[in-house]
Structure formats: structure tokens, C-alpha cells
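The structure's right below; bear with me while I get my questions together.
The values are calculated or read from the model by the stated rules, or taken from the named source; none is laboratory data. None of the values given here were measured: they were computed from a predicted structure. When we count neighbours, we look across all protein chains shown, and the Cβ atoms used for this are built from the backbone with ideal geometry, even at glycine.
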Ligand SMILES: O=C(O)CCC(=O)C(=O)O
Ligand SMILES: [Fe+2]
């Protein structure tokens with residue numbers, strides 16, 4: 001069933017506002033590889049930067065996450081299946097995490113893609129393990145943002161195969177036109193989320209981003225995406241969230257249940 005016209009209109013209004021802002025504030029795109037990456041994200045919605053960190057650095061970060069799972073157990077949010085363990089704001093818990101959080105190159109690509117200045121907001125570390133009926137990281141197919149762009153950088157800290165929860169993205173599903181086009185596939189009670197069945201039966205082209213540890217996925221999470229359900233093994237990853245400097249902070253809800261004393 002099509003959602004109400006009210007949703008379509010308010011989405012279109014938001015998109016026009018963003019388009020106007022972009023026109024007034026566009027930054028010049030510089031170097032050529034950067035430009036290629038940005039063009040790919042514009043076209044397909046994502047780009048995989050292979051082996052951005054070496055394996056040793058990834059193993060160190062993974063080890064520290066496992067350690068924090070014991071020493072800072074209360075800071076981890078866990079899903080109902082006990083499969084996805086999430087630590088929001090890990091950048092304050094070690095140099096290695098701070099290093100990813102404040103990486104200037106990733107941020108620069110984000111700014112070139114979005115066309116405006118962004119702030120690093122926080123880094124999420126997550127550990128996903130194989131449990132019965134697990135939905136994968138992020139809880140199934142969804143968009144992070146309905147009608148505006150949302151840039152994220154996700155680094156795999158484990159080697160990713162077809163089976164251990166790689167990021168999946170519906171190619172070219174971002175942009176206001178596609179947001180409206182695929183609104184009919186969303187769940188009745190949540191216009192950001194999709195059933196598996198609706199995605200499978202659509203014309204969307206699903207890409208599973210299998211890559212070695214250290215690879216970074218640069219993605220506009222306005223695309224329809226999910227971490228694929230884990231069939232075997234485990235996955236560890238870091239994800240950087242950014243927010244436009246012209247926007248008020250939009251992610252308060254991520255922190256609302258968390259002890260803020262260490263931030
Ligand atoms: O970690 C992933 O693979 C995706 C997670 C996600 O989509 C989210 O947290 O919004
Ligand atoms: Fe997401």
C-alpha cells in the first residue's frame with residue numbers, strides 16, 4: 001500500500017531544502033581519485049576502499065573491542081537475538097579508535113560527496129555473532145535517512161566472506177526519486193524499513209560487499225542497506241557517523257540510555 005501523500009510531501013520539502021543548501025554551499029572537489037570515489041558514491045551509493053588499514057592494526061582494534069566487552073559491559077547495547085553488540089562513542093576509549101574517528105581523508109570524501117562541511121559525530125564499534133534468527137547488523141533492510149543524504153564510513157576489522165555478515169546495499173537506491181519510488185515497499189508502521197520479501201521481489205540490485213579486513217565502505221546510507229544475517233563466524237566493524245555543520249545534532253537517541261560520564 002502507498003503511504004500517505006503527507007509523507008511524500010514532507011519528504012519532497014526536505015529534499016528541496018537540502019538541494020537549495022547544496023547549491024549555495026557547494027565546495028570544490030579536488031584530487032582525481034577522490035573525485036572518482038565521490039562519483040561512484042553518487043552513481044551507485046557506495047564505494048569500497050580496499051585495505052585502508054593493515055591486518056595488524058585491525059587485529060589490535062578487534063582485540064581491544066573484545067577487552068571492552070568485558071571491562072565496559074554496560075556500555076554495549078545488544079539486540080533481542082543477542083547477536084549484535086554495539087558500543088556507541090568508542091572513539092574516547094583508545095588511540096586506535098580515535099585514529100579512525102578523526103581520519104581526515106574519510107571526512108574529506110564525505111564533504112566532497114555531500115558538498116558541505118561536516119563534523120565527526122561519533123564512532124560505533126560493533127561485534128556481530130552467529131545466533132539463531134539473527135537479522136544482521138542494523139536489524140534488516142532499511143534506510144538511515146528517508147529523504148536526505150547520510151554519509152558513513154564503515155571499516156571491517158575481520159575478513160568478510162559471503163557468510164559472516166557483510167554489508168549489503170541496494171545499488172542506486174539513494175536520492176529523493178528512489179526514496180519515493182520505493183516507499184511502497186516499506187513496512188506499514190515504519191517508512192524507513194523494508195521486509196526481505198519486498199526487497200527480493202523488487203527490481204533492486206543487491207550488492208554484498210565482501211572485502212578483506214581493513215577495507216572501508218564509504219556509503220550514503222540513504223540507500224536501502226543492511227548488514228547481512230550471519231550464517232557462520234563473526235564480524236567486527238567500526239562505523240563513523242558524521243553530521244553537517246549546518247545541522248543540529250540529530251543522533252541524540254543513540255545516547256539516551258547510555259551513561260554520558262565518560263564522554
Ligand atoms: O553494520 C552494518 O553492516 C550496517 C548497520 C546499519 O545499517 C546501521 O546501523 O544503520
Ligand atoms: Fe543503516
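If you take the residues in segment 159-186 that are free of Cβ contacts under 8 Å to residues at least 24 places away in the same chain and loosely packed, with under 15 Cβ neighbours inside 10 Å, which one is nearest to residue 5 (Cα to Cα)?
181
Would you mind stating whether residue 144 is within 16 Å of ligand 2 (Cβ to nearest atom), surrounded by fewer than 21 Cβ atoms within 10 Å (Cβ to Cβ) and in contact (Cβ under 8 Å) with a residue 40 or more places away in the chain?
Criteria met by residue 144.
Quick check on my filter: what residues within segment 4-60 are under 30 Å from residue 156 (Cβ atoms), in contact with a helix residue (DSSP H, G or I) (Cβ under 7 Å, 6 or more places away or on another chain) and either modelled with pLDDT under 75 or loosely packed, with under 13 Cβ neighbours inside 10 Å (or both)?
27, 29
Another question about this same structure. Out of curiosity, is residue 122 part of a strand (DSSP E or B) and under 19 Å from residue 153 (Cα atoms)?
So residue 122 passes the test.
Sticking with this one: Tell me which residues, restricted to segment 29-77, are closer than 14 Å to residue 127 by Cα and in a strand (DSSP E or B).
Within segment 29-77, 77 is the sole residue that qualifies.
Evaluate the following for residue 205: is it more than 11 Å from ligand 1 (Cβ to nearest atom), closer than 18 Å to residue 135 by Cα and touching a strand residue (DSSP E or B) at 6+ places or on another chain (Cβ under 9 Å)?
no
Return yes or no: is residue 156 farther than 21 Å from residue 39 by Cβ, under 16 Å from the mean Cα position of the chain (by Cα) and either more than 15 Å from ligand 2 (Cβ to nearest atom) or surrounded by fewer than 21 Cβ atoms within 10 Å (Cβ to Cβ) (or both)?
Answer is yes for this residue.
Among (1) at pLDDT 75 or above; (2) surrounded by fewer than 14 Cβ atoms within 10 Å (Cβ to Cβ), there is one condition residue 1 misses while meeting the rest; what is its number?
Exception for residue 1: condition (1).
Of (1) surrounded by fewer than 20 Cβ atoms within 10 Å (Cβ to Cβ); (2) in a strand (DSSP E or B), residue 108 satisfies all except one. Which?
(2)
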